[in-house]
1. Of all residues in region 98-139, which are part of a strand (DSSP E or B) and small (G, A, S)?
2. Quick one: in region 9-27, which of the residues that are open to solvent by 50 Å² or more (accessible area, probe 1.4 Å) and in contact with a Ser or Thr (Cβ under 9 Å, 6 or more places away or on another chain) is farthest from M143 (Cα to Cα)?
3. Inside region 69-88, can you point out the residues that are closer than 21 Å to T121 by Cβ and open to solvent by 30 Å² or more (accessible area, probe 1.4 Å)?
4. Output the qualifying pairs, or none if there are none: Cβ atoms under 6 angstrom, residues six or more apart or on different chains, first residue in region 24-44 and assigned to a strand (DSSP E or B), second residue aliphatic (A, V, I, L, M) and surrounded by fewer than 20 Cβ atoms within 10 Å (Cβ to Cβ).
5. Being under 18 Å from G32 (Cβ atoms) and more than 15 Å from the chain's Cα centre (by Cα) is the requirement here; does A150 meet it?
6. Name the residues in region 28-50 that are open to solvent by 50 Å² or more (accessible area, probe 1.4 Å) and of a type in the set (V, I, T), would you?
7. Answer with yes or no whether V63 is touching a strand residue (DSSP E or B) at 6+ places or on another chain (Cβ under 7 Å), among the hydrophobic types (A, V, I, L, M, F, W, C), modelled with pLDDT of 95 or more and open to solvent by 20 Å² or more (accessible area, probe 1.4 Å).
8. Taking the residues in region 109-153 that are free of Cβ contacts under 8 Å to residues at least 60 places away in the same chain and closer than 16 Å to Y83 by Cα as candidates, determine which candidate is most open to solvent (accessible area, probe 1.4 Å).
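The values are calculated or read from the model by the stated rules, or taken from the named source; none is laboratory data. Everything quoted here is computed from the prediction, not taken from an experiment. Here the Cβ is made from the backbone with ideal geometry for all residues, glycine too, and neighbour counts use every protein chain on show. Calculation scope for accessible area: heavy atoms of the full protein, side chains included, ligands and nucleic acids excluded. Shrake-Rupley method; radii C 1.70, N 1.55, O 1.52, S 1.80 Å.
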Amino acid sequence: MVRLHEYYRDPGAPRPHDVLPAAFAAVRNAAGEILLVRRIDDGNWELPGGRVEVGETAGAAVVREVAEESGIRIALTALSGVYSDPTHVLVDPDGSVHQQLALCFHAVPADAADDPRPDMTETDAAAWYAPAASADLTMHPAMRLRLRDAVTAPERTHFD
């Protein structure tokens, strides 16, 4: 797998050429656990999600990405947050540099009987976690902020 390089609040980050839209989901099951996946490329745990492709809505993108990365079909319930920190910079393997614009949605599993499974392409683990248990997982700071916002104040939309 080709690795993306991420900068976050790093004054040495390269200057972005454009904005890259992405969508993630804070999926909660009936027990209140949150769905997390572990990325193969960097070993970080995160909310499942990814890039919005040309021709698809952010909602369709996150439903597709969650299913691909975890095997869980979801239903969106609300918007958790809009994250557009200009210091969150992504550098693709081809050298293109982007500022990330991430939409984070609240969601529930469409089928309560589904067990998460990684795709072994982008993710090598997928599991339900009690929110407190996620504190011990290795996670990018921007993703930890999205998770914390979704779990601690789910009744409001967050902006960063």
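1. Initial filter on region 98-139 (part of a strand (DSSP E or B)): 98-109, 123-129, 139.
Listed by number, the residues that qualify are A102, A107, A125, A126, A127.
2. H17
3. Initially, region 69-88 is screened for residues closer than 21 Å to T121 by Cβ, giving 69-74.
Selection gives R73 alone.
4. These pairs meet every condition: R38/A125.
5. Details: under 18 Å from G32 (Cβ atoms): yes; more than 15 Å from the chain's Cα centre (by Cα): no.
No.
6. Narrowing region 28-50 to residues open to solvent by 50 Å² or more (accessible area, probe 1.4 Å): 28, 30-31, 33, 38-40.
Selection gives I40 alone.
7. On the way: touching a strand residue (DSSP E or B) at 6+ places or on another chain (Cβ under 7 Å): yes; among the hydrophobic types (A, V, I, L, M, F, W, C): yes; modelled with pLDDT of 95 or more: yes; open to solvent by 20 Å² or more (accessible area, probe 1.4 Å): yes.
Yes.
8. Going through region 109-153, the residues free of Cβ contacts under 8 Å to residues at least 60 places away in the same chain turn out to be 110-111, 113-115, 117, 119, 132-133, 135-136, 144, 148, 152-153.
Right, trim to closer than 16 Å to Y83 by Cα and you get 144, 148, 153.
Details: R144: 72, R148: 126, A153: 15 Å².
If we take residues in region 109-153 being free of Cβ contacts under 8 Å to residues at least 60 places away in the same chain and closer than 16 Å to Y83 by Cα, then R148 is most open to solvent (accessible area, probe 1.4 Å).
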